[in-house]
Amino acid sequence: MKRSTDRILTTHVGSLIRPLNVLEGMMNKVLGEPVDEAQFQRDVAQGVADVVAKQAEIGIDIPSDGEISKPSFHNYVVERLGGLERLPARNGGAYYGLLTEEFPGFMKQYNAMYKSMWMAPELPAEKVQKALAAPLPRCRVAAPLTYVGQDALQTDIDNYKAALAGKDFVETFMPSATPARDDADSGDVYPNESAYLYALADAMHVEYKAIVDAGFIVQLDLGLPARNQVLPGNPNPTPEDLRRASERQVEAYNHALRGIPEDRVRYHMCWGSMNTPHTTDVPLREVIDIILKIKAQAYVIEGANPRHEHEWTVWKDVKLPDGKILVPGVISHQTNVVEHPELVAMRIENYASVVGRENVIAGTDCGFSQGWNMARVHPEVQWAKLSALVEGAALASTRLWR
C-alpha cells in the first residue's frame, strides 16, 4: 500500500452518489417494475466511468468505483450468497433506538425525510415516495452459506478496470461488506452466532480475495457494535456485551482475510453515516485496541464529525503500530457546508503531528451515498467537498514538507 512519502495522499470511503438513470433502474427494481437489464448494466458501466473520470479530474489519489452497481454498501451481498431464503418483506422499525429516546421529535422528522432529501428531483415524486416506503426485504439462512456472486463481482471489476484505463492514480481500492451483517436470520443451520459469523466470513473471503487478485486494495466496511444497537437475543446489551460482540466480529474479519496480505487491506470504522446528534457514538478511545487487532494496514476513521474531531488526540496516548496507516476523515459527508481548505489542512496536520506525516492519508468520514436511496449531500456539494479535500491536502503538504 502506498504511503504519503513526499506529500499527503487523498482518498475517500467509497460510495458516491449514483447517476440518475442508475437511480431510476434501482428504484424500479424495488417497485417490482420491469427493467431492461442490458440497458441498466450499460448505465452502470457508464456511471463507473464517469465517477472515476471525475475523481481523476479533481485529483483524488486513491479512488473507488463509487459502488455505483450496488443498491447499498452492504445489502448487495444478499444477491451474492447462496443458502439464503427470501421471506415476506416487513416494515422497518425505528432507526437508532437510543437516539430516538433522547431526541424523539428530531428523529421522527429525520426518519421521515432523510432518504428523500437529496433524491434527484427529475425522478417522479410519487414513485420515489412509494419506493422509499416499500417494506424492507429480508431473508433467512436455509442452507450452508456459499458465495455465488462471482459473475456480479467480475462485472464490477471489469467496469472498474475499463474506467481506470489511461488514468494516472497512485493506487485504487474497492469496498466490500464485512462478515458481520444482520440482514439474514441465521435460522437453525448454525448452532450459534459465532458459527454463523465464521460461515459468512468463509463466503466473503471469496470476494475479498478476488478484489485483491484483480489488483485493487480491498476495504472492509462496517462499524463495530455501538451503544444504539441490539445483539441477537439481547435487546439491552451492556457495554461489556458490546465489547465481546466486537471482539467476536474482529475474529471473523481476520478469518475472512486469511491469506490476504495486510498491505492490501483497509478497514473503515463507521460510527453511522446519518446527520443526527451522534450522542450515542462509542468514543474511539474505548474501541481502538479492538480496531487495531484487525489485520489491515490502513484504518479509515471519522475525524471531521464534531463528535469525533477531537479524537486525533487519542493518538498521543495510543501508538499507531509500525507499518500501519491512518486515514482520518478530514471532510464530512453529512453536511452541505464545504470545508475550507485551510480547515482541511489543519485537521491533516493535527494527525500528522501525532502519528507522522508519512502515516496519514486524507479521507472522508463515510460514503456520500451508502444506498441508492440515501444521498447525504447534493451531488454538486459532494464534488466540491472532494475538491476541498485535495486542496487542503496540498496546503498541508507544503507545510509538512518544507
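The values are calculated or read from the model by the stated rules, or taken from the named source; none is laboratory data. All values derive from a computational prediction rather than experimental measurement. Cβ: placed from backbone, ideal geometry, glycine included. Neighbour counts: every protein chain shown. In case anyone asks, the SASA skips ligands and DNA or RNA and just uses the protein heavy atoms, side chains included. Shrake-Rupley method; radii C 1.70, N 1.55, O 1.52, S 1.80 Å.
Structure values in brief
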{"read-out": "Residues that are β-branched (Val, Ile, Thr), within 20 Å of Arg7 (Cβ to Cβ) and either assigned to a helix (DSSP H, G or I) or at pLDDT below 95 (or both), drawn from the stretch 364-402", "value": "Val390, Thr398"}
{"read-out": "Residues located in the stretch 350-388, provided they are within 18 Å of the chain's Cα centre (by Cα), open to solvent by less than 20 Å² (accessible area, probe 1.4 Å) and farther than 20 Å from Ser72 by Cβ", "value": "Ile361, Ala362, Gly363, Lys385, Leu386"}
{"read-out": "Pairs where the first residue, in the stretch 1-21, is over 22 Å from Val212 (Cβ atoms) and free of Cβ contacts under 8 Å to residues at least 60 places away in the same chain and the second is open to solvent by 10 Å² or more (accessible area, probe 1.4 Å) and not in a loop (DSSP other than H, G, I, E, B), C-beta under 6 Å, 6+ apart", "value": "Asn21/Asp43"}
{"read-out": "Residue under evaluation Asp281, criteria (1) closer than 30 Å to Gln109 by Cα; (2) outside any loop (DSSP other than H, G, I, E, B), criterion not met", "value": "(2)"}
{"read-out": "Helices (runs of 4 or more DSSP H) wholly inside the stretch 37-152 containing at least 3 residues that are closer than 24 Å to Thr335 by Cβ", "value": "37-58, 97-102, 104-113"}
{"read-out": "Qualifying residue in the stretch 164-178 (condition: at pLDDT below 95 and surrounded by fewer than 19 Cβ atoms within 10 Å (Cβ to Cβ))", "value": "no"}
{"read-out": "Test result for Arg266, out of contact with any helix residue (DSSP H, G or I) (no Cβ under 8 Å at 6 or more places or on another chain), part of a strand (DSSP E or B) and either within 22 Å of Val390 (Cβ to Cβ) or open to solvent by 10 Å² or more (accessible area, probe 1.4 Å) (or both)", "value": "yes"}
{"read-out": "Hey, Thr178 hydroxyl-bearing (Ser, Thr, Tyr) and either free of Cβ contacts under 8 Å to residues at least 40 places away in the same chain or touching a Gly at 6+ places or on another chain (Cβ under 6 Å) (or both) or not", "value": "no"}
{"read-out": "Index of the failed condition, Ile157 passing every other in (1) of a type in the set (Val, Ile, Thr); (2) part of a helix (DSSP H, G or I); (3) crowded, with 19+ Cβ neighbours inside 10 Å", "value": "(3)"}
